[in-house]
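Just so it is clear, none of the values below were taken in a lab; they were calculated from the coordinates. Just so you know, these numbers come straight off a predicted model, no measurement behind them. Cβ coordinates were reconstructed from backbone atoms using ideal geometry, including for glycine residues, and neighbour counts include every protein chain displayed.
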Amino acid sequence: MAQYAILIYAHDSAHAPDATPDDLETCDQHSDELAESGSMIMAYALTPRDMATSVRADAITDGPFLDSKEVVAGFYVIEAPDLDAALAIARTNPVVRDGGGVEVRPVHSGWTAQQ
Amino acid sequence: MTEAALTDTAAVEAAVADAHRRDWAWVLAATVRVARDLDLAEDCVQEAYAAALRTWPSAGIPDNPAAWLTTTARRRAIDHIRRDATLRSRLPLLVEPAKAADEAAAREQRQQREHAEADALRAVLPDERLRLIFICCHPALAQEAQVALTLRLACGVPVADIARAFLVSEATMAARVTRAKRKISTARIPYRIPPPGELPDRLRSALAVIHLLFTTGHTAPAGASLVRPDLVDRAMHLARMLRELMPASADAHGLYALLLVTDARRATRVDADGRLIRLADQDRSRWDGGALAEAHDVIVGCLRAGPPGRYVLQAAIASLYAEAPAYDQTDWPQIIALYDRLAVVWPSPIVALNRAVPLAMVAGPEAALAEVERLERDGRLAGYQYLPAIKADLLSRLGRADEAADAYRQALALAANETERAFLIGQLAGLLAEVGPSPGGQAERAGLARTAARRRLVTRQRAVTRLLRRRRHPPSPSCGVFFPAEGGVSAPTADREWPAVRYGR
């Protein structure tokens, strides 16, 4: 098995600070499915682009790092035997049918603090 | 050296070259199964071919060269893996050298055993070539990497030769191949035949690679000669292989038929001096009748099997063009009907553009021009040299010489193949002569000749880069059949109703 990070690209994140359960229903449902299947190791949903702050050597600016139509709305890490299997899982993300898309990246290494 | 020995060496070289062309993919695929690593397998297969050149002159050419090569390559792979494991465990095994007296007899015995083993292996091993093709054409790899990998792994073409075919430096091509292989191992692109659900998509990408390889060879993107026979032959070989391996895929048959028909005209596309000849002016008696007949049978078989896909329809169109006894006897209405079907399964502006050529024959150049201008406004074909070229031809037929000259200039600014450029320059020069002598025209004609010579030297590299980028447009569906230089329009005929789609002699 190998680990793949899946970055979610959407016009914006649905996870606004005041988002209602209704706003998050499709995301949560997909997340539950992946968790249940046992393929997902960790997942983070990010707040919308308005909350982003970018840091460069010469300046701190408001907004996402890249000024583009889509932003990274969240990311999660899955385990899969090969790229085809990872792509098959990634394709089930609802954002794919909703004008956005996902990027699949093999994980090199990682670390999280024990909580 | 005796004469017999000389003949032997030549015969061995021919046998090895033949086995390389025919069996490389098979040998490599069978070796990957043991090596479980593309690079290692590739090295071992390379070594096996080198070993064949060394040992066949004395040991004789085996009855089944592919099996011999496979055994040798697989054995090398196993040795390598063992050696690796041994090195890691730091427990070198000492092998006692065989006594000299026994050596000759032992060698003889070993050879016999190996021959028998090799033949048995070939019969037993499953055909793994499809896995090889599917991993080379995996959509997670950039298409230019897919093309390079397919040539390297499925055809065994050395990287230096691939670099030459695509007019990039060997270092660039080597980096491209290495990067693709690294992605295969890092991202774990699986070495397998895609499951039925994914197969249609994956097959499409494999067919696209073979088609691109063929179109690149059929009308070289840049450079002096129109055709690169080596690429065309590789593409034909791959198309034949894929068709044989996937007999249930109508598209695999369709692509094979399309390449057959298109390549059947290879001998007549340029004259003895390398100048482009229009389809209308080509000597049809010199077309490869055998290839055309074979393609016809394949097309009919596909059309009977079910609703035709993109390649089958393209093949049917190209075949109809080729089957007419003379250009002006082409069955234009049926060609248009086939284009209409094609536009449904493959809604590409290129299809609409190519349809303008038969449309001009049936509905007149004015109707065709309106269609081409609509496509021009659409914008998706910006940078596609055949659009202004077709437009120029139509305008010139309508007697609008000034506008036609402008369109030829646009086409010239985009075309990078010297043979096509020479043709366009000829057309433009003809138009300027027609328009009549003007101080500007005189200077432009002289300028055209100078430009042609200069560009040849300067822009080869740049043109290829641009073409590779421009390949975002699918390659021209007929590989040149529809290029107006070859399929130019002539007298309009009356408007009439098209019959339903049919195809036949």
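P(r) tail for region B:298-367: Cα pairs beyond 21 Å make up 23% of the total. Partner shielding of B:182-194 amounts to 3, given as the average count of beta-carbon atoms from other chains within 10 Å of each residue beta-carbon.
Label separation (B:ARG204 vs B:GLN143): 1.2 nm, computed from points 7 Å beyond Cα along the C-beta direction. Using the Cβ-Cβ distance between B:ALA280 and B:ARG400 with R0 set to 25 Å, the FRET efficiency from 1/(1 + (r/R0)^6) comes to roughly 0.75.
Taking all Cα pairs closer than 8 Å and separated by 6 or more residues, the relative contact order of region B:243-310 comes to 42 percent.
When only C-alpha pairs under 8 Å and at least 6 residues apart count, what is the relative contact order of region B:181-259, in percent? Let's see the in-between values first.
Working: 56 pairs, mean separation 17.1, N = 79.
It rounds to 22 percent for region B:181-259.
Within the listed set A:ASP58, A:ASP18, A:ASP82, the Gaussian network model of chain A (springs between alpha-carbon atoms below 10 Å) gives the highest mean-square fluctuation for A:ASP58.
Within 10 Å of each Cβ in B:368-377, how many Cβ atoms from other chains are there, averaged over the peptide? Please list the in-between numbers first.
On the way: counts 0, 0, 0, 0, 0, 0, 0, 0, 0, 0.
The mean count of partner-chain Cβ atoms within 10 Å per residue comes to 0.
Is there a simple number for the mean count of other chain Cβ atoms within 10 Å of the Cβ of residues in B:132-143, and what is it? Write out the running numbers ahead of the final one.
Values: counts 0, 0, 0, 0, 0, 0, 2, 1, 5, 0, 0, 0.
For this peptide, the per-residue mean of nearby foreign Cβ atoms is 1.
Residue by residue, region A:9-21 carries 3J(HN,Hα) couplings of 10, 9, 4, 7, 7, 7, 7, 6, x, 9, 5, 8, x Hz when phi is fed to the Karplus relation 6.51 cos²θ - 1.76 cosθ + 1.60 (θ = phi - 60°); x denotes Gly or Pro. For chain A, what's the relative contact order in percent, using C-alpha pairs closer than 8 Å and at least 6 residues apart? Answer for chain A is 44 percent.
Residues of region A:46-82 falling in the label zone of A:ALA16, defined by backbone nitrogen less than 14 Å from a point 7 Å along Cα to beta-carbon, are A:47-51.
Sorting the segments B:201-212, B:14-25, B:271-282, B:248-259 by their mean number of nearby beta carbons within 10 angstrom, highest to lowest, gives B:248-259, B:201-212, B:14-25, B:271-282.
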